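Below is one structure, written out as structure tokens; comments come after it.
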Amino acid sequence: MAAETKTTCPYCGVGCGVIATVDEAGAVSVKGDPEHPSNFGRLCSKGSALAETIDLDGRLLYPEIEGERSGWDEALDLVARRFSETIAEHGPDSVAFYVSGQLLTEDYYIANKLMKGFIGSGNIDTNSRLCMSSSVAGHRRAFGADTVPGTYEDIELADLVVLTGSNLAWCHPVIYQRLAAAKTARPNMRIVVIDPRRTMTCDIADLHLAIRPDSDVALFMGLLAHLATSPAVDQNYIAAHTEGFGDAFATAAALDINDLLERTGLPAMQIREFFRLFETTEKVVTCYSQGVNQSSSGTDKVNAILNCHLATGRVGRPGMGPFSLTGQPNAMGGREVGGLANMLAAHMAIESADDRDRVQRFWSSPVIAAKPGLKAVDMFRAVADGRIKALWVMATNPVVSMPDADNVESAIAACPFVVVSDILKDTDTTRHAHVLLPSLGWGEKNGTVTNSERRISRQRPFLHVPGDARADWWQLAEVARRMGFGAAFDFDAPAAIFAEHAALSAFENNGSRDFDIGARAGISARAYDELSPFQWPQPAGTAAGITRFFAEGGFFHADGKARFIAVKPPSTDRTSTEFPFTLNTGRIRDQWHTMTRTGKSARLSAHIAEPFAEIHPRDAIETGISSAGLVEIESPHGRAIVRALVTDRQARGGIFAPMHWNDQFAAKARIDAVVAPITDPLSGQPASKNVAVAVRPL
Ligand code: SF4
């Protein structure tokens with residue numbers, strides 16, 4: 001008889017519920033879970049093709065040492081010995097973990113516990129650094145905690161939805177479906193898209209603001225100055241629940257209108273219309289994603305947006321609020337357990353001596369990281385200059401996805417000891433591993449993920465485990481045991497890890513932290529297995545999670561008030577005579593990250609089969625580029641060769657290229673080899689959207 005399993009899609013941060021069916025012959029099919037409150041049965045093209053990506057072709061099935069198959073004991077003993085020896089000789093900061101928003105929360109929890117609580121270093125960072133760390137930093141500055149105030153339903157309830165730096169149609173397709181359906185049902189709903197490119201999302205937009213790259217801070221400063229002198233300003237909310245309005249307003253008001261027009265490149269009429277819509281619409285949700293986050297001013301962009309919602313008191317009420325759209329399936333879960341180098345666990349602060357003491361006592365650990373560790377770009381710099389001598393990479397492919405990817409590859413290749421846990425045997429990163437550890441893939445893994453609306457859902461296994469593959473948490477716990485930390489890592493199943501994670505979230509929690517799932521502390525294996533999707537926080541003794549935050553204040557700064565941030569417009573033009581174009585990287589609809597899974601589906605590859613770069617027709621003429629011809633994109637950091645797509649969707653002076661392709665699928669197509677390792681000074685997030693490049697026909 002066919003067996004059905006309720007699980008969660010492993011791709012984007014929408015976190016759609018999936019029902020996987022295995023029939024009598026072992027064939028797998030998938031459909032959307034109509035009972036999952038994030039997608040109500042919807043799936044996008046990637047989710048619908050999941051069954052086409054789970055074959056064993058190319059799988060890493062057994063541990064390997066220096067390219068030779070080994071047993072688990074031999075491989076784990078070697079990893080534990082080399083990490084222990086390196087720490088003994090060079091100190092705890094000489095080792096690092098680089099992990100992933102693809103890990104389940106339970107994997108992440110163990111990795112963070114081992115690095116911060118037992119090795120004693122903060123050197124665990126994640127590819128989520130490339131995804132949403134500017135939103136984390138912006139939330140913490142404004143709210144005092146990394147809290148998304150609203151829920152997907154707010155996007156449907158809004159009368160105005162502003163999408164900035166978000167190609168929702170391709171990058172969060174099921175939220176786009178929900179938004180499009182809401183607009184069809186309520187045609188008076190207005191949608192504004194703020195994006196240098198005319199993307200597919202613009203198909204449902206009433207207004208498209210094709211701003212210059214990185215001019216979002218100026219645009220939202222202009223909006224704040226406008227709102228502050230309009231009837232939309234909520235002086236009662238500002239007085240009761242915030243600090244810093246005066247400075248933020250004064251800084252915003254000092255931005256001259258001509259400067260605003262020059263920076264954004266927008267016609268005055270379009271700016272006026274946007275400001276009018278925002279001012280006159282009470283129910284407004286502003287969604288932001290990688291166009292905001294992946295910037296050297298990403299944190300300021302987030303705070304410029306939050307300032308406008310705080311000034312109008314439009315936070316945490318139905319149909320109102322700022323909304324960070326997370327890229328990965330479990331970037332949020334990673335944040336919850338402290339998977340970023342500058343966080344601790346359960347949203348506690350690594351900078352706080354009280355928090356460090358609390359976590360150390362809870363873990364009964366011999367040591368606790370005394371300071372934040374290295375963020376992703378700095379971590380690979382430390383690998384390159386020899387400060388990090390042992391590196392463990394899990395569930396990610398930094399040789400393709402990190403900025404300055406050629407130098408990242410050289411750094412990993414020269415690192416004295418590299419461990420890679422992956423499901424695939426041959427990736428650009430696994431090629432440089434001294435030890436390869438076979439991990440479980442989607443359909444085999446067992447644990448939880450958290451999506452963009454703070455909803456925790458189960459990923460459940462329904463496939464036989466192939467070869468000797470093992471869960472990432474198990475690999476970490478076995479290495480921890482071999483390093484002498486056995487008692488603290490004596491977990492027999494992910495349910496026990498989740499129970500401890502939930503208990504830590506409630507430990508000495510007097511309501512000063514946003515993340516609290518104490519209601520699930522000590523959860524039984526059976527209850528964990530049956531866990532239905534729920535939103536955090538859900539403190540002990542409560543029957544359901546909290547849906548919205550901050551309508552009545554209650555921010556997480558010590559005084560309970562939010563902070564306005566007096567942001568200033570950055571200097572953003574990086575072009576020069578030699579590198580006169582601005583490269584903007586991003587996703588396409590039917591591929592995920594470095595294509596190691598979606599690349600297996602012929603159906604998905606049929607959407608766009610080759611790496612490409614969009615260029616405006618006039619720029620193509622001036623550079624001698626012909627449609628569908630090969631072009632070389634070059635920066636001081638590297639080069640890539642892709643096919644030209646000449647289109648007026650792309651603004652003049654800009655190039656768009658997707659980040660998916662690697663050298664396995666197409667020679668020299670790794671666009672991140674071109675991307676400069678420039679980062680936001682607060683969040684450490686790389687600026688993948690504004691890279692000075694030259695482009696020429698090949
Ligand atoms: Fe999966 Fe995202 Fe598509 Fe939902 S929208 S099916 S989570 S890729």
Selection within the range 111-139 - within 16 Å of the chain's Cα centre (by Cα) and in a helix (DSSP H, G or I): Asn127, Ser128, Arg129, Leu130, Ser133, Ser134, Ser135, Val136, Ala137, Gly138, His139
Sole residue being part of a loop (DSSP other than H, G, I, E, B), in contact with a Ser or Thr (Cβ under 9 Å, 6 or more places away or on another chain) and of a type in the set (Val, Ile, Thr), chosen from Val193, Val217, Val233: Val233
Hey, Leu260 aliphatic (A, V, I, L, M), on the phi < 0 side of the Ramachandran plot and not in a loop (DSSP other than H, G, I, E, B) or not: yes
Selected residue (criterion: nearest to the ligand (Cβ to nearest atom)) from residues of the range 7-30 that are β-branched (Val, Ile, Thr) and in contact with an Asp or Glu (Cβ under 7 Å, 6 or more places away or on another chain): Val18
Scope the range 162-180; condition within 16 Å of the ligand (Cβ to nearest atom) and out of contact with any Asp or Glu (no Cβ under 8 Å at 6 or more places or on another chain); matching residues: Leu168, Trp170, Cys171, His172, Pro173, Val174, Ile175, Tyr176, Gln177, Ala180
Complete set of residues in the range 486-515 that are of a type in the set (Phe, Trp, Tyr), in a helix (DSSP H, G or I) and touching a Gly at 6+ places or on another chain (Cβ under 9 Å): Phe498
Among (1) farther than 29 Å from Ala411 by Cα; (2) outside any helix (DSSP H, G or I), the one test that Ile175 misses: (2)
The range 33-68 - residue that is assigned to a helix (DSSP H, G or I) and not hydrophobic (A, V, I, L, M, F, W, C) and, of those, farthest from the ligand (Cβ to nearest atom): Glu52
Failed item, numbered, when Val646 is tested on (1) buried (at least 16 other Cβ atoms within 10 Å of the Cβ); (2) under 25 Å from the mean Cα position of the chain (by Cα): (2)
Some residue of the range 98-109 being in a strand (DSSP E or B) and under 25 Å from the mean Cα position of the chain (by Cα): yes
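Read-outs: derived from the displayed coordinates by stated rules, not from any lab. Treat the numbers as computed from the prediction; the structure is a model and nothing was measured. Every residue, glycine among them, receives a Cβ derived from its backbone with ideal geometry; neighbour counts consider all protein chains shown.
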